[in-house]
Amino acid sequence: NSDELVEIQNYATANKASINEEMFGKYEGRNVIFVSMESLQSFVINQEMNGHIVTPFLNSLTQDKDTYYFSDFYHQTGLGKTSDSEFIVENGFLGSGNGAAFFTNGENTYTGMSGVLSDNGYYTSVLHPNNKSFWNRDRMYQSLGVDHFYDIDAYTIGEGQSVGWGMKDIPFFEQSAQILADSPQPFASRLITLTNHHPFELDEEDKLIPEYDSNSGTLNRYFQTVRYMDESLKVFFEQLKTQGIYDNSIIVMYGDHYGISELHHKAMAKYLGKEELTAYDHALLQSVPLFIHIPGSNDGQEITKTSGQIDIRPTVLHLLGISTANDVQFGDDLFSEEHDGIVPFRDGRIITSDYVFTQDVCYDRATGEEVEKAVCEPAFEKSGAVLNYSDQLISLDLLRFYEQHQDISPQTNTQ
Ligand code: GP9
Ligand code: MN
């Protein structure tokens, strides 16, 4: 009942990080372009594979004067994979512990970021060249308040423009830039790439580097498809400039989830130059990159604070000057001094800057040595709350009670 929501809302309010006054509203009115980068993990960023640079464009962003690069950022997805990452970014809490919330609870009431932005005058959309019902997106996007879904039918797939799961990323970004340019502004749009998806296949002409040489064909091809996706992102930035929508936008790019599962541990160990990988290594390998690219900001830097996908929503809303004071969400603004740096994973693992908790063992993060469980203790409360409250919000559809308690419209909030 609604008392359960009150308890969760009280927890969210009590644990909210303060805003960063200098950043709040600094980019009010800009378009926001989210790019969900399929299966992209951090271990390829600023690295080579047999002498070949894997992500030249993204590497350049890590040094860019207009880009905040979050290098200790983690995915928090579960069984819902891409859809879970969308769920987390939209809602600021985790997906379901026993399935994909997009499927199991697609008809719930949500207070999605898309809906919040719509209420604040934004045109919100998702662009993804796949069948609209995949992951139940068409239904779920309505619940999240997305104004329009540009699915496969919004694209023209010419000869040689499809591979594996669908449209190749380069033509996808070319046509998407046109769709964005034709959209009412300001817009907030999520673009979801597809080419860097298992089984990581490419046409010959799109192979810009050779395969790796481990015992895992999956990992070997992964470097090639990542390299292709990186190229597509470079093309996208050029297209945004050509279309005249680059300067007045913020571009938020993040890896959706891991691409290389633990099944490939031998090949991964070889690539990383280690004897074997431990549970500690596997946890840290869940790092995915986050870039917040703000043309003209001139404040770009690498930010090493430990953070996760749950933090994207309040960070972006605050940059636009939209309050999250009443939001039922558990992320912290990445620019807040009070960001707590505790990242709960959907499966109960926890990473902070000081320790890693996995398989009921606490590790010292700096040394990788097993330490007393008590060392990890300070993170248990938050992790437990985030997991339990996320589950309750979803399974009991608690946000249907939300507006009875708080009027979310920003106009009335200022009264
Ligand atoms: C499907 C795409 C990939 O449309 O988002 O989904 P995934 O298998 O990564 O969850
Ligand atoms: Mn995915």
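If you check 55, 67, 13, 77 for being crowded, with 22+ Cβ neighbours inside 10 Å, out of contact with any Lys or Arg (no Cβ under 8 Å at 6 or more places or on another chain) and β-branched (Val, Ile, Thr), only one passes: 67.
In the set (1) out of contact with any strand residue (DSSP E or B) (no Cβ under 6 Å at 6 or more places or on another chain); (2) modelled with pLDDT of 95 or more, residue 404 fails one condition alone, (2). Scan the stretch 25-41 for residues that are within 16 Å of ligand 2 (Cβ to nearest atom) and either open to solvent by 20 Å² or more (accessible area, probe 1.4 Å) or in a loop (DSSP other than H, G, I, E, B) (or both) and the total you get is 4. Candidates in the stretch 25-43 are the residues that are away from ligand 1 (no atom under 16 Å from the Cβ) and not small (Gly, Ala, Ser); of these, the one that is nearest to residue 169 (Cα to Cα) is 33. For beta carbons closer than 6 Å, sequence separation of 6+ or different chains, a first residue in the stretch 28-52 that is more than 23 Å from residue 267 (Cα to Cα) and at pLDDT 95 or above and a second that is within 16 Å of ligand 2 (Cβ to nearest atom) and open to solvent by 50 Å² or more (accessible area, probe 1.4 Å), there are no qualifying pairs.
Residues considered: 311, 299. Of these, the only one that is of a type in the set (D, E, K, R), part of a loop (DSSP other than H, G, I, E, B) and more than 16 Å from ligand 2 (Cβ to nearest atom) is 299.
Comparison of 263, 191, 208 shows that the only residue that is within 14 Å of ligand 1 (Cβ to nearest atom), of a type in the set (A, V, I, L, M, F, W, C) and either more than 20 Å from the chain's Cα centre (by Cα) or modelled with pLDDT of 95 or more (or both) is 191. Only one of the listed residues (235, 288) is hydrophobic (A, V, I, L, M, F, W, C) and crowded, with 22+ Cβ neighbours inside 10 Å. That residue is 288. Of all residues in the stretch 238-249, those that are buried (at least 20 other Cβ atoms within 10 Å of the Cβ) and among the hydrophobic types (A, V, I, L, M, F, W, C) total 1. Considering only the stretch 48-71, state which residues are part of a loop (DSSP other than H, G, I, E, B) and touching a strand residue (DSSP E or B) at 6+ places or on another chain (Cβ under 8 Å). The answer is 54, 64, 66, 71. Residue count for the stretch 258-285, restricted to those that are buried (at least 22 other Cβ atoms within 10 Å of the Cβ) and within 16 Å of ligand 2 (Cβ to nearest atom): 1. Yes or no: residue 2 more than 16 Å from ligand 1 (Cβ to nearest atom) and at pLDDT below 95? When the stated conditions are applied, residue 2 passes them.
Across the stretch 93-107, the qualifying residues are those that are out of contact with any Phe, Trp or Tyr (no Cβ under 6 Å at 6 or more places or on another chain) and open to solvent by less than 20 Å² (accessible area, probe 1.4 Å), and the one among them that is nearest to ligand 1 (Cβ to nearest atom) is 100. Each residue in the stretch 323-341 was checked for being aliphatic (A, V, I, L, M) and either open to solvent by less than 20 Å² (accessible area, probe 1.4 Å) or not in a loop (DSSP other than H, G, I, E, B) (or both), and 2 of them qualify.
For the structure I just gave you, tell me whether residue 4 is within 19 Å of residue 392 (Cα to Cα) and either part of a loop (DSSP other than H, G, I, E, B) or open to solvent by 40 Å² or more (accessible area, probe 1.4 Å) (or both). Judged against the criteria, residue 4 is a match. Total residues in the stretch 231-260 satisfying the condition of being within 16 Å of ligand 1 (Cβ to nearest atom) and either at pLDDT below 95 or not in a strand (DSSP E or B) (or both): the figure is 6.
Residue 289 satisfies every condition listed in (1) within 16 Å of ligand 1 (Cβ to nearest atom); (2) touching a residue at least 40 places away in the same chain (Cβ under 8 Å) except (1). Every condition in (1) under 30 Å from residue 193 (Cβ atoms); (2) crowded, with 17+ Cβ neighbours inside 10 Å; (3) in contact with a Phe, Trp or Tyr (Cβ under 7 Å, 6 or more places away or on another chain) holds for residue 50 except the one numbered (2). Contact map, the stretch 74-95: residues that are at positive phi paired with residues that are modelled with pLDDT of 95 or more and within 12 Å of ligand 2 (Cβ to nearest atom), Cβ distance under 7 Å, separation 6+ or inter-chain. Pairs shown: 81/257.
The values are calculated or read from the model by the stated rules, or taken from the named source; none is laboratory data. The model shown is predicted, which means the values in this text are computed figures rather than measured ones. We place every Cβ from the backbone using ideal geometry, glycine too, and count neighbours over all the protein chains shown. The area values use the complete protein model at the heavy-atom level, side chains included, leaving out ligands, DNA and RNA. Shrake-Rupley method; radii C 1.70, N 1.55, O 1.52, S 1.80 Å.
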